[in-house]
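Visitor: Before I ask anything, let me first share the structure, which is written out below as structure tokens.
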Amino acid sequence: MLKEFAELSTPLIADACVRTGVPLRVAPPGISAVPAAGRLAGRALPVRHYGSVDVFLEAFGAAAPGDVLVIDNGGRTDEACVGDLAVLEARAAGVAGLVVWGLHRDTPELAGIGLPVFSYGSCPAGPVRLDAREPEALTSARCGDHLVRGGDLVFGDEDGVLFVPAARAEEVLAAAHRIHGTEREQARRIRDGETLREQTAFADYLTRRAADPSYTFRAHLRRIGGAIEE
């Protein structure tokens with residue numbers, strides 16, 4: 001999956017979701033990569049955190065190589081729920097990376113381990129609570145407004161993280177590749193002196209909009225095959 005994602009980006013995947021009608025599920029703004037973390041793509045391994053590392057260890061027992069541990073810590077900002085030992089254990093289990101709806105700690109150690117970790121940021125304090133465990137602890141996890149289930153695909157890079165249903169992944173990736181090709185060609189033409197206004201026949205768009213106020217720029221782009229927005 002990471003190979004499929006190699007020349008793409010989360011913005012392209014997001015645009016492809018919109019283009020193909022796949023519900024857009026983006027992790028909350030602010031969730032970003034720990035320094036030195038790489039790009040991330042793989043199948044979601046969801047888990048809900050209740051204050052103890054045991055739920056992670058249980059999840060690792062069911063991990064397949066390349067899975068992405070998606071941790072629901074309720075978006076808490078008063079504690080870190082993963083540190084270097086949990087991330088080392090994740091790597092030993094073949095996990096490709098972690099996405100945390102919450103905080104991490106041991107930042108220098110995580111950077112040295114090199115496994116991609118995405119979170120709201122760091123906090124020196126670990127959990128001092130132990131909450132009751134829910135039946136869904138190992139089958140689904142929330143990340144902001146979105147529910148992530150086992151088998152969903154996770155994509156992460158410098159722009160953030162998003163989730164795609166596995167059943168639509170092939171369609172979304174194909175659309176993302178098409179958008180990528182169109183946008184790279186548009187960028188090349190701008191560098192060669194042909195403005196984006198010229199490429200998108202913007203003057204023609206303004207004329208058509210004046211005659212028909214319901215004519216949107218997105219409709220215009222679809223008509224001419226542009227891809228700068230969706």
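Visitor: Of (1) surrounded by fewer than 16 Cβ atoms within 10 Å (Cβ to Cβ); (2) more than 21 Å from Lys3 (Cβ to Cβ), Asp72 satisfies all except one. Which?
Guide: Failing condition for Asp72: (1).
Visitor: A follow-up question, please. Looking at Ala176 and the list (1) over 19 Å from the mean Cα position of the chain (by Cα); (2) within 30 Å of Trp101 (Cα to Cα); (3) not assigned by TED's automatic domain parsing to the domain that holds Gly66, which single condition is not satisfied?
Guide: Every listed condition holds for Ala176 apart from (1).
Visitor: Next question, about the same structure. I'm trying to understand the selection: among the residues of the range 15-42, which are out of contact with any strand residue (DSSP E or B) (no Cβ under 6 Å at 6 or more places or on another chain) and assigned to a strand (DSSP E or B)? Explain how you work it out, then say what you get.
Guide: Filtering the range 15-42 for residues out of contact with any strand residue (DSSP E or B) (no Cβ under 6 Å at 6 or more places or on another chain) gives 15-24, 28-30, 32, 35-36, 38.
If the condition is that a residue be out of contact with any strand residue (DSSP E or B) (no Cβ under 6 Å at 6 or more places or on another chain) and assigned to a strand (DSSP E or B), then Ser32 is the only one that fits.
Visitor: Turning to a different aspect of this structure: Restricting attention to the range 152-177, which residues are under 14 Å from Leu69 (Cβ atoms) and out of contact with any strand residue (DSSP E or B) (no Cβ under 6 Å at 6 or more places or on another chain)?
Guide: Those that are under 14 Å from Leu69 (Cβ atoms) and out of contact with any strand residue (DSSP E or B) (no Cβ under 6 Å at 6 or more places or on another chain): none in the range 152-177.
Visitor: Follow-up question, since we're still on this one. So which of Ala125, Ala90, Ala132 is farther than 16 Å from Arg39 by Cα, touching a strand residue (DSSP E or B) at 6+ places or on another chain (Cβ under 9 Å) and outside any helix (DSSP H, G or I)? Show your work before the answer.
Guide: On the way: Ala90 fails: outside any helix (DSSP H, G or I); Ala132 fails: touching a strand residue (DSSP E or B) at 6+ places or on another chain (Cβ under 9 Å).
Answer to the check: Ala125.
Visitor: Just wondering, is there one or more residues in the range 193-200 that are touching a Gly at 6+ places or on another chain (Cβ under 9 Å), of a type outside the set (Lys, Arg), part of a loop (DSSP other than H, G, I, E, B) and not assigned by TED's automatic domain parsing to the domain that holds Ala59?
Guide: So far as the range 193-200 goes, yes, one or more of its residues are touching a Gly at 6+ places or on another chain (Cβ under 9 Å), of a type outside the set (Lys, Arg), part of a loop (DSSP other than H, G, I, E, B) and not assigned by TED's automatic domain parsing to the domain that holds Ala59.
Visitor: Picking from Gly181, Gly151, which residue would you name as being under 25 Å from Val100 (Cα atoms) and either in the same structural domain as Trp101 (by TED's automatic domain parsing) or of a type in the set (Gly, Ala, Ser) (or both)?
Guide: Working: Gly181 fails: under 25 Å from Val100 (Cα atoms).
Being under 25 Å from Val100 (Cα atoms) and either in the same structural domain as Trp101 (by TED's automatic domain parsing) or of a type in the set (Gly, Ala, Ser) (or both) holds for just one of Gly181, Gly151, which is Gly151.
Visitor: Give the residues of the range 163-218 that are acidic (Asp, Glu) and in contact (Cβ under 8 Å) with a residue 40 or more places away in the chain, sorted by residue number. Explain how you work it out, then say what you get.
Guide: Here is the first cut: in the range 163-218, the ones acidic (Asp, Glu) are 170-171, 183, 185, 192, 194, 198, 204, 212.
Those that are acidic (Asp, Glu) and in contact (Cβ under 8 Å) with a residue 40 or more places away in the chain: Glu171, Glu183.
Visitor: Determine which member of the set Val47, Val82, Val87, Val34 is buried (at least 21 other Cβ atoms within 10 Å of the Cβ), modelled with pLDDT under 95 and in the same structural domain as Arg129 (by TED's automatic domain parsing).
Guide: Numbers: Val47 fails: modelled with pLDDT under 95; Val82 fails: modelled with pLDDT under 95; Val87 fails: modelled with pLDDT under 95.
Exactly one of Val47, Val82, Val87, Val34 is buried (at least 21 other Cβ atoms within 10 Å of the Cβ), modelled with pLDDT under 95 and in the same structural domain as Arg129 (by TED's automatic domain parsing), namely Val34.
Visitor: Can you tell me which residues in the range 43-81 are part of a strand (DSSP E or B) and not small (Gly, Ala, Ser)? I'd like the intermediate steps shown before the answer.
Guide: Step one: of the range 43-81, the residues part of a strand (DSSP E or B) are 43-48, 68-72, 80-81.
Result: Arg43, Leu45, Pro46, Val47, Arg48, Val68, Leu69, Val70, Ile71, Asp72, Cys81.
Visitor: Is it the case that the range 138-146 has a residue that's part of a loop (DSSP other than H, G, I, E, B), over 13 Å from Gly42 (Cα atoms), in contact (Cβ under 8 Å) with a residue 40 or more places away in the chain and among the hydrophobic types (A, V, I, L, M, F, W, C)?
Guide: Yes: the range 138-146 contains one or more residues that are part of a loop (DSSP other than H, G, I, E, B), over 13 Å from Gly42 (Cα atoms), in contact (Cβ under 8 Å) with a residue 40 or more places away in the chain and among the hydrophobic types (A, V, I, L, M, F, W, C).
The values are calculated or read from the model by the stated rules, or taken from the named source; none is laboratory data. Note that this is a predicted model, so its numbers are computed, not measured. For neighbour counting, all protein chains shown are included, and Cβ atoms are generated from backbone atoms with ideal geometry for every residue, glycine included.
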